[in-house]
1. Limited to the stretch 212-261, what total is found for residues that are farther than 25 Å from Arg164 by Cα, in contact with a helix residue (DSSP H, G or I) (Cβ under 7 Å, 6 or more places away or on another chain) and not acidic (Asp, Glu)?
2. Would you confirm whether or not the stretch 185-195 contains a residue that is under 21 Å from Arg45 (Cα atoms) and either of a type in the set (A, V, I, L, M) or assigned to a helix (DSSP H, G or I) (or both)?
3. Which residue out of Gly170, Gly152 is within 30 Å of Leu277 (Cα to Cα), touching a helix residue (DSSP H, G or I) at 6+ places or on another chain (Cβ under 9 Å) and outside any strand (DSSP E or B)?
4. Please go through the stretch 104-125 and pick out each residue that is part of a strand (DSSP E or B) and either over 12 Å from the mean Cα position of the chain (by Cα) or surrounded by fewer than 23 Cβ atoms within 10 Å (Cβ to Cβ) (or both).
5. Only one of Asp178, Asp163, Asp191, Asp124 is among the acidic types (Asp, Glu), touching a residue at least 60 places away in the same chain (Cβ under 8 Å) and more than 30 Å from Leu29 (Cβ to Cβ). Can you tell me which?
6. Which residue out of Glu213, Glu240, Glu256 is modelled with pLDDT of 95 or more and at positive phi?
7. Every residue in the stretch 135-185 that is under 21 Å from Trp233 (Cα atoms), over 19 Å from the mean Cα position of the chain (by Cα) and open to solvent by 10 Å² or more (accessible area, probe 1.4 Å), please.
8. Mind listing whichever residues of the stretch 194-230 are in contact with a Gly (Cβ under 7 Å, 6 or more places away or on another chain) and either free of Cβ contacts under 8 Å to residues at least 60 places away in the same chain or open to solvent by 10 Å² or more (accessible area, probe 1.4 Å) (or both)?
Amino acid sequence: MGISEQTVVVNGLTWFYREAAPVGESPKLPVLLLHGLVSQSYSWRGVMPTLAEQGFRAIAPDWIGHGFSEKPDKRDFAYTPAALVEALGQFLDALAIPKVHLVAQGFLGHVGIQFALQNPDRVDRLAIINAPLSPAAKLPWKMSQFGIPLAGDMITQDPILVDRTLEGGGPYQIDDEDLDIYRRPFLQSSDVGRALLVTVRRMDLPATTAAIEAGLKTWDHPTLLLWGINDPWLPVSLAETCLKDLSSGQLKTLEEVGHYAQEDWAEKVADALSTFLRQMAV
């Protein structure tokens with residue numbers, strides 16, 4: 001299954017997204033794959049073909065401010081979790097997609113979880129991969145420093161932050177040709193660094209994760225907590241605690257996999273997601 005690269009303009013902002021479509025018509029809901037902080041939709045390249053083979057239309061956007069999507073000035077886009085939640089809904093509207101299975105990974109995954117909690121009619125199944133689930137989750141220093149005045153301005157303009165962050169989250173080195181794609185937006189424009197700085201500054205993780213923790217206690221949709229146990233930033237204990245409050249939740253741990261699970265071992269993530277979705281697919 002091939003992965004196409006596409007763009008769509010939504011409220012004046014250009015979203016870049018990757019898509020893998022099943023052969024022929026499929027009654028199954030699309031799967032929306034959301035990447036984490038400093039990452040891109042490219043991270044899902046090893047997962048999307050498997051989902052398409054199972055009959056799911058797999059769509060992975062670059063968040064506004066990330067990857068190859070637009071990086072508007074902070075005066076034109078707030079970069080708050082609320083702004084990103086609203087923009088995500090508008091992105092789905094632009095693609096004429098009323099409902100999805102949603103997969104949210106990493107720091108920024110909290111925005112996907114909030115979208116689900118705030119729009120339960122638009123999300124059928126929810127999969128959460130190494131994302132902050134409660135106020136016990138803290139933004140690691142490696143990412144926190146992106147938002148520090150003056151120092152953050154310099155750090156976020158250095159393309160090497162991509163290598164340090166993506167490889168700092170797990171046990172593997174990433175191939176140079178893949179890192180080239182992750183670095184490219186930083187080499188093309190200073191806008192991506194500025195957008196990253198504002199995103200981190202306005203993340204408000206304590207309040208956001210408190211809302212997520214409360215919301216998941218009443219969330220009754222089938223939910224998969226998929227956790228790379230070699231994540232140095234978000235321990236599996238966060239998922240184990242969350243599971244106790246989920247009425248329709250399950251936890252699957254991934255050995256030898258870190259924070260960016262789909263980058264570390266795409267096959268394990270693809271198998272777990274396709275099994276979860278096929279068990280309950282509509």
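The values are calculated or read from the model by the stated rules, or taken from the named source; none is laboratory data. Small disclaimer: the values here were computed from a predicted structure and weren't measured. Glycine also receives a Cβ, built like all others from the backbone with ideal geometry; neighbour counts cover every protein chain displayed. Heads up: the accessible areas ignore ligands, DNA and RNA and are worked out on the full protein's heavy atoms, side chains in. Shrake-Rupley method; radii C 1.70, N 1.55, O 1.52, S 1.80 Å.
1. Within the stretch 212-261, residues that are farther than 25 Å from Arg164 by Cα, in contact with a helix residue (DSSP H, G or I) (Cβ under 7 Å, 6 or more places away or on another chain) and not acidic (Asp, Glu) number 12.
2. yes
3. Exactly one of Gly170, Gly152 is within 30 Å of Leu277 (Cα to Cα), touching a helix residue (DSSP H, G or I) at 6+ places or on another chain (Cβ under 9 Å) and outside any strand (DSSP E or B), namely Gly170.
4. Scanning the stretch 104-125 gives Val123, Asp124, Arg125.
5. Within the list Asp178, Asp163, Asp191, Asp124, the selection yields Asp191.
6. The conditions single out Glu256.
7. Ala136, Trp141, Gln145, Gly147, Ile148, Ile155, Ile160, Pro171, Tyr172, Gln173
8. Selection gives Leu197, Val200, Arg201, Asn230.
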